[in-house]
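Presented below is the structure to which this report refers.
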Amino acid sequence: MKARRLILWLLLSAATQVSAGANETLDGYKRLGAGPFNPETGRQLWISVNTPQQDAAERSCADCHGTNLSLPGNHLRTGKVIEPMSPTTTPERLTDNRKIEKWFKRNCKWTFGRECTPQEKGDLILFMQKQDG
Amino acid sequence: MSTPLTEQKIKVWDLPVRLFHWLLASCFLIAYVTEDDFITLHTYAGYTIIGLVVFRLIWGFAGSQHARFNDFTHPPKTVMVYLKQVIRFRADRFVGHNPAGGAMVFALLISLSLAILSGLVAYGAEQSSGPLAGLMATAPLAIGKAAEEVHEFFADFTLVLVLLHLVGVAIASIQHRENLVRAMITGRKQAPHSSIHQRQRK
């Protein structure tokens, strides 16, 4: 019984993770009043250097993910390889709405010291999509 | 309401069991709410839960009568039969954990342990932090991400178990006309006597 219930839960949690990905995410931002989105604005944000906290080291998206998104990045803290951010090179990028939001939240806080606005996130998604290797 | 008989209270939950229970509930709530928004507080809550779970495993053998695992370990069939009795409002009263409550203790301990383990792997592999940082130093980030998914699943699964636990406590409190929440605070419950305790009925 317990095993069957566990399997049911695993299936349920897997089912909720299937979503239409970036386009749906962008539509969500538009409903919040953001847009139109511009990949060049996203690129400027990507390479912008920030000081998330006082006395903290300067940080940018490019520190870990690089500026050529078809190439792998390097995690600043662990030194581990980060799969390329370009959806062309790494097909599972920008396919899962839940993961998109999770990593925007986590990494915007780390890099900028705050969450990104829907406008910023839309610009960044377009920038990542435009980096077709 | 208060005949001399109903005043017959006996000690059921020892102090360590009660402290364990409320500390675990608090730490789980803190860990669940903070997620990685307050990762330091989240990890302290998690480390405390490790200590609490380890303590409970020891206390399951060393504790007082109703704290010990052999007091509430029943075969799955007994648990199912008991649940059916609960549905028909004909469940026996147990002074310690009833069979369903006993099964819930094990389910919670297992689910929490898997949440802890996957959390430590995720923290070590993704952030090079925590006690498994060294072990996970060369593990790819994908391992950490996968562990994080497992971690989130078992955190949610534990929350579901907690909600079922609360439902069970409410049902048992109503069916046996006793305040089980207060019993987990004071440790005391009404002594079993014939008017309530009808185990020989079926």
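Derivation of every value follows stated rules applied to the coordinates shown; laboratory data play no part. What you see is a predicted model, and the numbers here were worked out from it, not measured in a lab. Positions of Cβ are generated from backbone atoms using ideal geometry, with glycine treated the same way; all protein chains shown enter the neighbour counts.
Can you classify the range A:20-130 as rounded, prolate or oblate using the Cα gyration tensor, where a ≥ b ≥ c are the square roots of its eigenvalues, rounded means a/c under 1.5, and otherwise it's prolate if a/b beats b/c and oblate if not? Cα axes put the range A:20-130 in the oblate bin. Modelled spin labels at B:Leu141 and B:Val105, positioned 7 Å past Cα toward Cβ, are 4.4 nm from each other. For the range B:135-142, the Karplus equation 6.51 cos²θ - 1.76 cosθ + 1.60, evaluated at θ = phi - 60°, returns couplings of 4, 9, 4, 9, 5, x, 4, 4 Hz by residue, with Gly and Pro reported as x.
Taking each residue in A:72-80, count the Cβ atoms of any other chain within 10 Å of its Cβ, then average. What number comes out? Can you show the working numbers first?
Values: counts 0, 1, 0, 5, 0, 4, 13, 3, 12.
Mean inter-chain Cβ contacts per residue within 10 Å come to 4.
Once label points are set 7 Å from the Cα along Cα→Cβ at both B:Tyr44 and A:Glu24, what is their separation, rounded to one decimal in nm? With each label point 7 Å from Cα toward Cβ, the separation is 3.8 nm.
Going by average Cβ density within 10 Å per residue, which order do the peptides B:27-34, B:158-165 take, highest to lowest? Present the calculation step by step, with values, prior to reporting the outcome.
Numbers: B:27-34: 17.8, B:158-165: 15.5.
Going by the mean number of other Cβ atoms within 10 Å, highest first, we get B:27-34, B:158-165.
Peptide packing: for A:77-85, B:18-26, the average count of neighbouring Cβ atoms within 10 Å per residue gives the ranking A:77-85, B:18-26, highest mean first. Close amide H pairs (under 5 Å, H built 1.01 Å from N) link B:Lys9 with B:Ala191, residues at least 5 positions away or on another chain.
If a/c stays under 1.5 just call it rounded; otherwise compare a/b with b/c (prolate if a/b is bigger, oblate if not). Do that for the range B:10-189, with a ≥ b ≥ c from the square roots of the Cα gyration tensor eigenvalues. Each step should come with its number before you reach the end.
Details: a/c = 2.35, a/b = 2.02, b/c = 1.16.
Since a/c reaches 1.5 and a/b is larger than b/c, the shape of the range B:10-189 is classed as prolate.
Nothing charged except the Cβ atoms of Lys and Arg (+1) and of Asp and Glu (-1): what's the magnitude of the dipole of the range A:20-130 about its Cα centre? Round to the nearest 20 debye.
On the way: 16 positive and 13 negative charges, 48 e Å.
With Lys and Arg at +1 and Asp and Glu at -1, about 240 debye.
Distant-in-sequence amide contacts of A:Ile82, defined by a placed amide H-H separation under 5 Å and a gap of 5 or more residues or a different chain, comprise A:Gly73, A:Asn74, A:His75.
How many Cβ atoms of partner chains, on average, are near each residue of A:31-39 if near means within 10 Å of its Cβ?
Working: counts 0, 0, 0, 0, 0, 0, 0, 0, 0.
What the average comes to for A:31-39 is 0.
The distance between label points at A:Arg98 and A:Ala56 comes to 2.7 nm (points 7 Å beyond Cα on the Cα→Cβ vector).
Dipole orientation for the protein assembly as shown: of the candidates B:Val79, B:Leu15, B:Ile110, B:Val79 has the Cα lying most toward the positive pole (charges on Cβ; Lys, Arg +1; Asp, Glu -1). With respect to chain B, whose longest principal axis is taken over its alpha-carbon atoms, helix B:15-34 is tilted by about 40°. Suppose R0 equals 45 Å; then what is the FRET efficiency for B:Lys84 and A:Arg106 from their Cβ-Cβ distance, rounded to the nearest 0.05? For R0 = 45 Å, the calculated efficiency reads 0.45. First check a/c for the range A:66-113, with a ≥ b ≥ c the square roots of the eigenvalues of its C-alpha gyration tensor; if it is under 1.5, answer rounded, and if not, answer prolate when a/b is larger than b/c or oblate otherwise. Verdict is oblate for the range A:66-113.
Peptide A:97-108 shows a mean partner chain C-beta count of 1 within 10 Å per residue C-beta.
Each residue of the range B:39-46 is assigned a 3J(HN,Hα), and the resulting list reads 5, 5, 4, 4, 6, 4, 4, x Hz, derived from the Karplus form 6.51 cos²θ - 1.76 cosθ + 1.60 (θ = phi - 60°), x at Gly and Pro.
Which angle from 0 to 90°, rounded to the nearest 10, does the C-alpha axis of helix B:99-127 make with the longest principal axis of chain B? Approximately 10 degrees, to the nearest 10. In order along the range B:156-171, phi translates into HN-Hα couplings of 5, 4, 4, 4, 4, 4, 4, 5, 4, 4, 5, 4, x, 4, 5, 4 Hz, rounded to whole numbers, per the Karplus curve 6.51 cos²θ - 1.76 cosθ + 1.60 with θ = phi - 60° and x for Gly and Pro. About its Cα centre, the dipole of the range B:10-189 is roughly 1280 debye, where the only charges are +1 on Lys and Arg Cβ and -1 on Asp and Glu Cβ.
Dipole check for the protein assembly as shown: with +1 at the C-beta of Lys and Arg, -1 at the C-beta of Asp and Glu, and the Cα centre as origin, the magnitude is about 2120 Debye.
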